[in-house]
Amino acid sequence: MQITTTTFLLLHNRNALNYHANRLNHVRNGIGSCYFTSHHRGEWKVIQARTPIHSLSIILLLLLLCTPALGDTKIYWHFTFKAFLDKTDPAPAEWAWVTMVETPRAEAFPDQASTAQRYGGNLSGTVFAMVRGAAWRSQYSYTQKKNCKGRPAEMEVFWEESWSDKVYAGGQLTPPYQTTTRSGETYIAEDEFRFGFTTRPILRENGRWFDPKGRASVFVGPIHTEGSTAEDIRGRFKVQGVNYIDPLKHYRRCGKAWVKQYKSAFRKFEVSNLLDSMSSDNEIFGQVPYGPRDEKNIAYFVVRSTSREHPNWRRQEM
């Protein structure tokens, strides 16, 4: 059997190889098994292997399949949220699903990157670009004790089930930094992230910026039918981080009826971003309190993956 010496060349930028090798080492579904290079003393080296000549076609096929993935692989963050709307009943809830993709800060802010480069520096760091988002809220009603013409009475508050595909979010990874525990132990904090729903300009997956407030928004008001109570519109309606198709919150009191704009429980993350650290197995679960007295909770589940598909997309499960 004829033996030949074959040299495998990976035509990728060395910096890109280093970046993906380091990041994908921590991400499930990585493609480490497709690496045909070795790393020694900070350099990527070409591997030479003595291979049967009839096996070259198989090896070249593997190179074609694996090499593009090294340079093109992206890292996605899939967020699932559940806001409990009633502290005594777990059924009434809001759900949200968001997928973000890691993007070098220099690509997100090319002008700043160019300025830094002119002065001999570089714009480092990673931001989240939004891939897609959706939300859902359940139907819900409750009463509050109020007075009516000087007498004890109740005010009814309710809203209908509704979906949203106008969800806007942003975030970033926090660069590793040294910190100290209460016991005095020093360590390097890694994989910390910041996420929030927002109405500020957001970065899209295609690298373009989108301003949620930069276009006209249409809100559907109350529909009055014969025999039903006419509802007044009170307060301002404006773009939020989560905007439901049905934006109405209904009120009934003292024979009067009116509506206001429904404010999502996820406004919690507009006012204060979610801050947490990704675990080594690329999944985390947690919860944060919200409400006037922090009497309710929002649970969240985050998955980091090389897959673009959200594992729980529009499914009410974590």
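Do we find that Phe197 is closer than 20 Å to Arg267 by Cβ, in contact with a helix residue (DSSP H, G or I) (Cβ under 7 Å, 6 or more places away or on another chain) and in the same structural domain as Met100 (by TED's automatic domain parsing) in this structure?
Working: closer than 20 Å to Arg267 by Cβ: yes; in contact with a helix residue (DSSP H, G or I) (Cβ under 7 Å, 6 or more places away or on another chain): yes; in the same structural domain as Met100 (by TED's automatic domain parsing): yes.
So Phe197 passes the test.
Residues of the stretch 259-275 being surrounded by fewer than 19 Cβ atoms within 10 Å (Cβ to Cβ) and either among the β-branched types (Val, Ile, Thr) or farther than 25 Å from Lys166 by Cα (or both), which ones?
Hit for the stretch 259-275 is Val271, nothing else.
Considering the stretch 176-271, the qualifying strands (runs of 3 or more DSSP E), each wholly inside and each with 1 or more residues that are under 26 Å from Ala96 (Cβ atoms) and among the aromatic types (Phe, Trp, Tyr), run over 192-197, 248-253. For the stretch 123-144, the candidate set comprises residues that are in a loop (DSSP other than H, G, I, E, B) and among the small types (Gly, Ala, Ser); within that set, the residue that is nearest to Glu160 (Cα to Cα) is Ser138. Residue count for the stretch 177-204 under the criterion of being surrounded by 12 or more Cβ atoms within 10 Å (Cβ to Cβ), out of contact with any Lys or Arg (no Cβ under 8 Å at 6 or more places or on another chain) and not aromatic (Phe, Trp, Tyr): the result is 12.
The values are calculated or read from the model by the stated rules, or taken from the named source; none is laboratory data. In this text, all values refer to a predicted model and were calculated from it rather than measured experimentally. Every residue, glycine as well, gets a Cβ built from its backbone with ideal geometry; the counts of neighbours run over all protein chains shown.
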